[in-house]
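Presented below is the structure to which this report refers.
The values are calculated or read from the model by the stated rules, or taken from the named source; none is laboratory data. A quick note: this is a predicted structure, and the numbers were derived from the prediction, not measured. So basically every Cβ, Gly included, is an ideal-geometry build from the backbone, and we count neighbours across all protein chains shown.
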Amino acid sequence: MLVNLITVAVVTGFQKEVRDKVIGFGAHAVVTKSGEASVFESEPILKNQFFYPVLERSAQVRHIQPVAYKPALLQSDANTDVQQQIQGIMVKGVDENYDWTFFKKNLVEGRLPKIDGKKVTDEILISAKIANDLNYKVGDQARTFFVKNKPIKKMFTIVGIFETGLEDFDREIVIADIQHIQKLNDWGIQASIHVSDTLASNGHLILKADVIGGNGNYRYDWGRGYENYRGISFFPTTDTVVRLVVSDYWMFIDGSDHPTVIPDTAYIRVQVSGDKTSLFPYDVDADRKVKKKFLDESGYRYSVSAGPKKITFEQLDGKGSFSNYVGAFEFTLRDWNSLQEDVKFVKKQIQFKDPSGEDLRVTSIVDSESDIFVWLGFLDINVYIILVLMIVIGVINMGSALLVMILVKTNFIGMMKAIGATNWSIRKVFLYQAGFLVLRGMFWGNVIGIGLCMIQKYGQVMRLNPEVYYLNAVPIDLSIVAVLVLNAATLLVCMLALIIPSYVITRISPVKAIRFN
């Protein structure tokens, strides 16, 4: 009982701890665009999906959350005497609906990032492994480099440090605001309008579009439908607002050949004062560039002059359509034991009912992290082998003890048979006695086994190398149901096995047994 209890507690605890940590970094199931090899390299999908968040009301799904990933390089703290190092990481972008339960449980210092979805936050959450390797602490500014056509450097503020003991994930996962990832991945488009520094050939001002994101092949709608012109000639004579709608396209300007990203709209507000119809040329500097007088530190409000006419501009940049796209949706299911059936349910709801036409795929955590879960599955074989061996040893020991008891009480058996006792009634006497011994052994096995499990669970006396075992201490998970089932099975198997050696009683002759006495 002692060995069996510890075996079940350790293996079950190990499987549960590793499984919960792997799921905590991800989810039970992930929805990505079909054909993607990994959620870390997925193409964008629309955030506005028919199943989000509707499926949260189903009995199988507990929570759905959009996420996005972006690889980056994190540079060590420059304010120390230690030589600077660079470490590759994977930034996981989350939004205000993210379930922080797992990271709250494993938070060792600081707090969780405050993400509200309205304003982009530079707060990030890193692991103790990364913090130790790069000499970071809570409150430090982390220099992060994202690889694009030109490397982009961002400064993030470390507000919290977590430690799970799952080294493979602790070494590379950093949690940040999803809005950073959406913009860095160029999943949407953001447009703005500015006044060019040069004049048109006719001396008029030029309004130009600045666009980021999309596929880089843009089409512009200045109010006359989509066209290829990035700029327009502009001669203001009255207050007005100029609107620009920008989208990308592939071959045809109407976008009929390939799905395009969601367009973005930018504005520039124009106010004309003085002689509004003046034909004076615009003030330029020695390099023939339009003189702009900036009216505030933002750089979005400025004015230009043309003799007695003054034009004031205020840029109203587009909000961008980046927020309309995510890398994946993570599904947290309610019951691990029904994982396969629940994943099939989610697949049926999404892959066969998607009205948007997007080709989506649902992947179970067991499939995406197959190496870990196959390894955990092999541990069940070890449990079965140990349980069987221990029960066989127990049966042999109790069988031997029963045979010794029968041998010692041979004369008693003969006397009982001589006065008319049946074989079965005598066998029951010995079985009851053997059962008492089994129960006594089970009692002390339970006391010592459960006691050792509790000491390890709350004291974590036995430590592990997390680089090998994914955990820093031997885990314990022992439920009342498991204890009761193990005890009942052990008692039943032992008592059934003792029926065979008790058959020796039927071979004892009363005459010989009494003569032997």
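So the values come out like this:
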| read-out | value |
| --- | --- |
| Residue in segment 101-108 that is at pLDDT below 95, surrounded by fewer than 17 Cβ atoms within 10 Å (Cβ to Cβ) and within 30 Å of Glu314 (Cα to Cα) present | no |
| Residues located in segment 360-396, provided they are among the charged types (D, E, K, R) and either in the same structural domain as Glu330 (by TED's automatic domain parsing) or within 23 Å of Ser38 (Cα to Cα) (or both) | Arg361, Asp367, Glu369, Asp371 |
| Residue match in segment 248-257 (condition: buried (at least 18 other Cβ atoms within 10 Å of the Cβ) and outside the structural domain of Ile152 (by TED's automatic domain parsing)) | yes |
| Which listed residue is touching a residue at least 12 places away in the same chain (Cβ under 8 Å) and assigned to a loop (DSSP other than H, G, I, E, B), from Arg269, Arg288 | Arg288 |
| In segment 445-464, the residues that are over 17 Å from Val395 (Cα atoms) and over 33 Å from the mean Cα position of the chain (by Cα) | Asn446, Val447, Ile448, Gly449, Ile450, Gly451, Leu452 |
| Residues located in segment 109-118, provided they are surrounded by fewer than 16 Cβ atoms within 10 Å (Cβ to Cβ) and in contact with a Gly (Cβ under 6 Å, 6 or more places away or on another chain) | Arg111 |
| Helices (runs of 4 or more DSSP H) wholly inside segment 402-517 that include at least 2 residues being modelled with pLDDT of 80 or more | 423-459, 480-498 |
| Answer residue from segment 214-247, given it is within 21 Å of Gln271 (Cα to Cα), aromatic (Phe, Trp, Tyr) and buried (at least 18 other Cβ atoms within 10 Å of the Cβ) and is nearest to the chain's Cα centre (by Cα) among those | Trp222 |
| Close pairs from segment 218-230: first under 14 Å from Ile189 (Cβ atoms), partner of a type in the set (Lys, Arg) and not in a loop (DSSP other than H, G, I, E, B), Cβ under 9 Å, at least 6 apart | Asp221/Arg243; Tyr226/Arg219; Arg230/Lys208 |
| Filter result (in contact with a Phe, Trp or Tyr (Cβ under 9 Å, 6 or more places away or on another chain) and over 16 Å from Lys92 (Cα atoms)) within segment 115-133 | Ala128 |
| Qualifying positions in segment 356-402 - of a type in the set (Ser, Thr, Tyr) and within 45 Å of the chain's Cα centre (by Cα) | Ser356, Thr363, Ser364, Ser368, Ser370, Tyr384 |
| Of all residues in segment 219-243 being assigned to a strand (DSSP E or B) and polar (S, T, N, Q), the one that is farthest from Gly255 (Cα to Cα) | Thr240 |
| Segment 286-319, subset closer than 19 Å to Leu244 by Cβ and among the charged types (D, E, K, R), residue surrounded by the fewest Cβ atoms within 10 Å (Cβ to Cβ) | Lys319 |
| Residue count, segment 403-426 (criterion: within 60 Å of the chain's Cα centre (by Cα) and over 29 Å from Leu2 (Cβ atoms)) | 0 |
| Candidates Val404, Val395, Val366 - the one that is under 19 Å from Leu437 (Cβ atoms) and touching a helix residue (DSSP H, G or I) at 6+ places or on another chain (Cβ under 7 Å) | Val395 |
